[in-house]
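> Take a look at this one; I'll ask things after.
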Amino acid sequence: MLAALDMTINKIEHSKLKDINLQNLPFGKFFTDHMLEADYEGGEWKNVEIKPYQPLLMSPSLAALHYGQAIFEGIKAYKNEAGEAYIFRPHDNFRRFNISAERMAMPAVSEEIFMEGMKQLVALDAAWIPQQPDHSLYIRPFMFSSDELIGVRPSDTYKFLTILSPTGPYYNAPMRIYVEEQYVRAVPGGVGYAKAAGNYGSAMYATAQAKKIGYDQVLWTDAFEHKYVQEIGTMNVIFIIGDKAVTPDLGAGTILAGVTRDSALTLLQEAGFTVEQRALSILEIIDAYKAGILYEVFGTGTAATISMIKELRYKDFVMNFNTDEWRTAPTIKKWLNDIREGKREDKYGWMVKL
Ligand code: COI
């Protein structure tokens, strides 16, 4: 039983919704009328408020800007055919948020603030949830250190916010992926499993290099041998090899425990695949490709949903796929969409009604 949330709600006077076309939205460019904000001070969360979406006032000495104590989550809300709003697996993101917080020496956010605050915020801005295919309301909870001090230590104060963005697909077309062997995303003992802002910032240089030669993202490999595949820029990765769905395991703490990854693996099992979470080397992937049993490769993520990969390049070896012929990734994507839109039974209890 959650304690009642002590929260102030200040509503906007005029909605911006009429100025926005909810068709064909880019990812993460538009934001709804309201946001949730809370302050951590003196060892407790206070000033929990839903207020009009607005800029933050901050000091140039704000700790997060200097040392990167900042974490976030990505969650999506949908409307079913009857127009009822649901959030997809938010409790999993709540748990992961506090795992990230612990690793970054930040305070945990209570379930009341994270979940109840999110539900009330989404309910208030529910008219912003797009209903066309591949669209949703992207929910972005985040936290950063807010001490005005450039001494290097965990901050005493933090801000927690949640903002909402009506959004379309993150990737519009099958992707070209470059297997990265020079730069490293994560090491055992590092922060790879946390949704720390710095994991994304530090990935940008390698991704930019890959983009220069025509690739959309990199597939990271392990830090020691550059042999075992890890994850792709904004997504986990799943390989369909024969009758198996194989994905790197989470054991070394170098990979984000994706909620969409877990959902896709659950549905792959339901579809009859043997799911293997284990170390997977790029050489095994190449061997499977040469043997004609590497049938599909796709990314999974909240923003990316299920994103098919049409080309995978390792050194000078290029693996091409005709994604038009694929059955598995499109089926898993459709099943996920159908569950989200209320057209397929939600037998795993993933949809949380507002
Ligand atoms: C997500 O899939 O929600 C992510 O956080 C990836 C990216 C948009 C940063």
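The values are calculated or read from the model by the stated rules, or taken from the named source; none is laboratory data. All figures in this text were calculated on a predicted structure; none of them were measured in a lab. Cβ sites come from the backbone with ideal geometry, for glycine too, and all protein chains shown count toward neighbours. Ligands, DNA and RNA are excluded from the accessible area calculation, which covers all protein heavy atoms including side chains. Shrake-Rupley method; radii C 1.70, N 1.55, O 1.52, S 1.80 Å.
> Scanning the range 122-154 for residues that are of a type in the set (S, T, Y) and open to solvent by 10 Å² or more (accessible area, probe 1.4 Å), which turns out nearest to V237 (Cα to Cα)?
Step one: filter the range 122-154 for residues of a type in the set (S, T, Y), giving 136, 138, 145-146.
Then drop every residue that is not open to solvent by 10 Å² or more (accessible area, probe 1.4 Å), which leaves 138, 146.
On the way: Y138: 21, S146: 34 Å.
Once the filter is applied, the top-ranked residue is Y138.
> May I pose another question? Considering only residues that are open to solvent by 20 Å² or more (accessible area, probe 1.4 Å) and in a loop (DSSP other than H, G, I, E, B), which ones fall in the range 171-180?
First pass over the range 171-180, keeping only residues open to solvent by 20 Å² or more (accessible area, probe 1.4 Å): 171-174, 176, 178.
Those that are open to solvent by 20 Å² or more (accessible area, probe 1.4 Å) and in a loop (DSSP other than H, G, I, E, B): Y171, N172, A173, P174.
> Out of the residues in the range 206-230 meeting the condition of being touching a residue at least 40 places away in the same chain (Cβ under 8 Å) and within 16 Å of the ligand (Cβ to nearest atom), tell me which one is nearest to Q277 (Cα to Cα). Before the answer, list the steps.
Within the range 206-230, the first condition is being touching a residue at least 40 places away in the same chain (Cβ under 8 Å), and the residues that meet it are 215-221, 226-230.
Imposing the further condition that a residue be within 16 Å of the ligand (Cβ to nearest atom) reduces the set to 216-220, 230.
Working: D216: 25, Q217: 22, V218: 20, L219: 17, W220: 17, Q230: 11 Å.
Of everything passing the filter in the range 206-230, Q230 is nearest to Q277 (Cα to Cα).
> Could you list all residues from the range 68-127 that are touching a Pro at 6+ places or on another chain (Cβ under 6 Å) and farther than 25 Å from G43 by Cβ?
I75
> Separate question: Is it fair to say D156 is touching a helix residue (DSSP H, G or I) at 6+ places or on another chain (Cβ under 9 Å) and touching a residue at least 40 places away in the same chain (Cβ under 8 Å)? Spell out how you get there, then give the answer.
On the way: touching a helix residue (DSSP H, G or I) at 6+ places or on another chain (Cβ under 9 Å): no; touching a residue at least 40 places away in the same chain (Cβ under 8 Å): yes.
Taking the combined requirement at face value, the residue does not satisfy it.
To keep it simple, each residue is scored yes or no on (1) open to solvent by less than 70 Å² (accessible area, probe 1.4 Å); (2) more than 24 Å from the chain's Cα centre (by Cα).
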position: L5; (1), (2): yes, yes
position: H14; (1), (2): no, yes
position: Q23; (1), (2): no, no
position: F31; (1), (2): yes, no
position: M35; (1), (2): yes, no
position: G43; (1), (2): yes, yes
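> On the basis of being of a type in the set (D, E, K, R) and more than 19 Å from G342 (Cβ to Cβ), does E81 make the cut? First the steps, then the outcome.
Values: of a type in the set (D, E, K, R): yes; more than 19 Å from G342 (Cβ to Cβ): no.
When the stated conditions are applied, E81 does not pass them.
> Failed condition for Y183, given (1) in a helix (DSSP H, G or I); (2) open to solvent by 50 Å² or more (accessible area, probe 1.4 Å); (3) of a type outside the set (K, R), with all others met?
(1)
> Note down all Cβ pairs under 8 Å where the first residue falls in the range 231-256 and is on the phi > 0 side of the Ramachandran plot and more than 16 Å from the ligand (Cβ to nearest atom), the second is outside any loop (DSSP other than H, G, I, E, B) and open to solvent by less than 10 Å² (accessible area, probe 1.4 Å), and they're at least six residues apart or on different chains.
What qualifies is G242/A288.
> Considering only the range 72-90, how many residues are over 11 Å from the mean Cα position of the chain (by Cα) and either charged (D, E, K, R) or away from the ligand (no atom under 16 Å from the Cβ) (or both)? Don't jump to the end; show me each part of the working.
Step one: of the range 72-90, the residues over 11 Å from the mean Cα position of the chain (by Cα) are 77-90.
When the remaining residues are screened for being either charged (D, E, K, R) or away from the ligand (no atom under 16 Å from the Cβ) (or both), the result is 79-86, 89.
Of the residues in that region, 9 qualify.
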